[in-house]
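These notes concern the structure reproduced below.
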Amino acid sequence: MNKNLKLAIDGGEPVRSKEFKSLPYLDDDVIERVSKLLSEKKLSKFVGSSIPGTNEILGLSSSELNKIKDEVTFLGGKRVRKMEHLWSKQHDVKYSVSVNSATSGLLAAILAADIKPDEEIICTPFSFTATSAAIVQANAVPIFADIDLETFNLTADGLDEKVNKTSKAIMAVHWNGNPGEFEELISFAKNRKLKVIEDASQSPGMMYKEKFLGTHGDVGVFSLNEPKNIMTGEGGVVVTNNTDIAKKLRLLRNHGEAIVDESYSDSFSKNIVGYNFRLTEIMAEIGIQQINNLDFLNKIRRENYFYLIDNLSSVCGEFLIPQKITNINHYCPYHAGFRWLSKKSNIHRDLIRYILRSEGIPVSQGMPKLMSSNPLFEKGYLLNIINSKRNAYKIGNLPNANELFNNQYLGFTQLGWPNTRDDMNDIINAFEKIMSNKLLLENYKYKDDYKFISGR
């Protein structure tokens, strides 16, 4: 055997010894502007109490807010308001409300959409824990529906059996920036009078059916944390075209209970409680620079992604199937998602992960566990509403989600700046080694957690 094709787990040289990096793109200009904010001691310009004019500006569009000259407002300082304006302009949406994380944004979105305690939100099990945890934090009940095995997304058919009289919303996750058959899901929700909350954390600047992801439903949520397409360290943005939802988002973000008075109706203000989801001026300044460079940053992800899947197709396309993308003309993914066909290849996905890591290639299973497998739901920890109706709450059968998570999913986060084709080539070369050793690997037997012994 060619020494270069000998696997690292068998004593060969790893494909890669240096670390992959997906870093925030910070140019000299933003570093200078952040330094200026520090020298001027302008860290946050939110005020968490009613000041003259607060109610008059609460419903203004993000574009209108950006024109206000006041340094300190209930709706944040100049950088926060400018970042929100640029986000709205970029995504063609009336209101953008910055928050300190997408997790906070999801909670605020649920409350602003008037989901009441004990009402149900249908969601995917295939997402990071924050998606369903936000539902629980809002005192609502997550109902898990199965996903499509090719797109990794919810489907209208899968939702149909989950809807009942307490269903009030669908939380759709655009996994890796892919909406799946989202048009059908929107139509399904409209016909059944369900609200749609878009978890668009991984989707900034991406479109579907000539409309930006995050803006199809009632409210959408984006993430700004590392290593997403746009990085401010931590943070998020919630978007909507609904004025009432925008007002509630702004109140929920910044101790709104200190603002509401007898002029607010009970129905409007009933769940406005004391959260602090505010974004700092420094993070907003970084966000401004990131938005201005979004096309450049997404272009890098797009080019790396298509180069990777095109070359992997020729190396192992029979066994490694890319996620089916339904917005392919505007696709710039957070990371590249694939299905490794364990049964067809006679090599389990977990062995592939183990080999790739041994070759110096980081690879993801998607998330630590399916949301539906979290003890929060399986055992009822901290979940008073579900505990109160324990006999009625069932997670149900989720065959596609379990198959994808347990046996198939492989994800690569190395698409963003400063990664190049040379970095993609290392991933491709690792799979070339795997395929050159396929017959040998078929004799390996699975043992414990990522440990393998040779069957030779």
Task: Residues within the range 174-226 that are touching an Asp or Glu at 6+ places or on another chain (Cβ under 6 Å) and more than 22 Å from HIS335 (Cα to Cα), tallied - done: 3
Task: Residue list for the range 345-375, filter: open to solvent by less than 10 Å² (accessible area, probe 1.4 Å), over 23 Å from LEU149 (Cβ atoms) and of a type in the set (D, E, K, R) - done: GLU359
Open item on the list: Return the residues of the range 190-201 that are surrounded by 24 or more Cβ atoms within 10 Å (Cβ to Cβ) and either free of Cβ contacts under 8 Å to residues at least 60 places away in the same chain or under 11 Å from the mean Cα position of the chain (by Cα) (or both); say none if nothing qualifies.
Closed with: GLU198, ASP199, ALA200, SER201
Open item on the list: Only one of ALA145, ALA113 is farther than 25 Å from ASN406 by Cβ and either touching a Ser or Thr at 6+ places or on another chain (Cβ under 9 Å) or small (Gly, Ala, Ser) (or both). Can you tell me which?
Closed with: ALA113
Task: Subset of the range 212-226 [touching a residue at least 60 places away in the same chain (Cβ under 8 Å) and surrounded by fewer than 24 Cβ atoms within 10 Å (Cβ to Cβ)] - done: PHE212, THR215, ASP218, ASN225, GLU226
- [ ] Determine if the range 235-249 includes at least one residue that is open to solvent by less than 10 Å² (accessible area, probe 1.4 Å), under 30 Å from ILE31 (Cβ atoms) and either modelled with pLDDT under 95 or out of contact with any Ser or Thr (no Cβ under 6 Å at 6 or more places or on another chain) (or both).
- [x] yes
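For the range 26-42, does any single residue satisfy the condition of being under 12 Å from GLY360 (Cα atoms) and β-branched (Val, Ile, Thr)?
No; the residues of the range 26-42 include none that is under 12 Å from GLY360 (Cα atoms) and β-branched (Val, Ile, Thr).
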- [ ] Might you check whether a residue that is over 26 Å from HIS174 (Cα atoms) and in a helix (DSSP H, G or I) occurs anywhere in the range 85-102?
- [x] no
TODO: Could you list all residues from the range 28-74 that are outside any loop (DSSP other than H, G, I, E, B), open to solvent by 60 Å² or more (accessible area, probe 1.4 Å) and under 21 Å from ILE245 (Cα atoms)?
DONE: ASN55, GLU56, GLU64
Open item on the list: So SER88 ticks every box in (1) surrounded by fewer than 18 Cβ atoms within 10 Å (Cβ to Cβ); (2) within 30 Å of ARG192 (Cα to Cα) but one. Which box is left unticked?
Closed with: (1)
TODO: Determine whether the range 290-312 contains at least one residue that is part of a loop (DSSP other than H, G, I, E, B), open to solvent by 10 Å² or more (accessible area, probe 1.4 Å) and at pLDDT below 95.
DONE: no
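Table: residues versus (1) aromatic (Phe, Trp, Tyr); (2) open to solvent by less than 10 Å² (accessible area, probe 1.4 Å); (3) within 30 Å of MET371 (Cα to Cα).
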position: ARG79; (1), (2), (3): no, no, no
position: LYS94; (1), (2), (3): no, no, no
position: SER101; (1), (2), (3): no, no, yes
position: GLY105; (1), (2), (3): no, yes, yes
position: ILE121; (1), (2), (3): no, yes, yes
position: PHE126; (1), (2), (3): yes, yes, yes
position: THR129; (1), (2), (3): no, no, yes
position: SER132; (1), (2), (3): no, yes, yes
position: VAL136; (1), (2), (3): no, no, yes
- [ ] Any residue in the range 306-317 that's free of Cβ contacts under 8 Å to residues at least 60 places away in the same chain and over 17 Å from LYS438 (Cβ atoms): show its pairings with residues that are of a type outside the set (Asp, Glu) and outside any helix (DSSP H, G or I) at Cβ separation under 6 Å, as long as the two are six or more apart or on different chains.
- [x] ILE309/PRO322
Task: Output for the range 1-20, where each listed residue is among the basic types (Lys, Arg) and open to solvent by 100 Å² or more (accessible area, probe 1.4 Å) - done: LYS3, LYS18
Open item on the list: Looking only at residues that are farther than 16 Å from PHE126 by Cα and open to solvent by 20 Å² or more (accessible area, probe 1.4 Å) in the range 397-422, which one is farthest from the chain's Cα centre (by Cα)?
Closed with: ASP422
Task: Within the range 155-175, tally of residues that are surrounded by fewer than 23 Cβ atoms within 10 Å (Cβ to Cβ) and in contact (Cβ under 8 Å) with a residue 40 or more places away in the chain - done: 6
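The values are calculated or read from the model by the stated rules, or taken from the named source; none is laboratory data. The shown structure was predicted, so the numbers you read here are calculated from the model rather than taken from an experiment. Heads up, the Cβs are rebuilt from the backbone with ideal geometry, glycines too, and the neighbour counts pull from every protein chain shown. We work out accessible area using only protein heavy atoms, side chains counted, and drop any ligands, DNA or RNA first. Shrake-Rupley method; radii C 1.70, N 1.55, O 1.52, S 1.80 Å.
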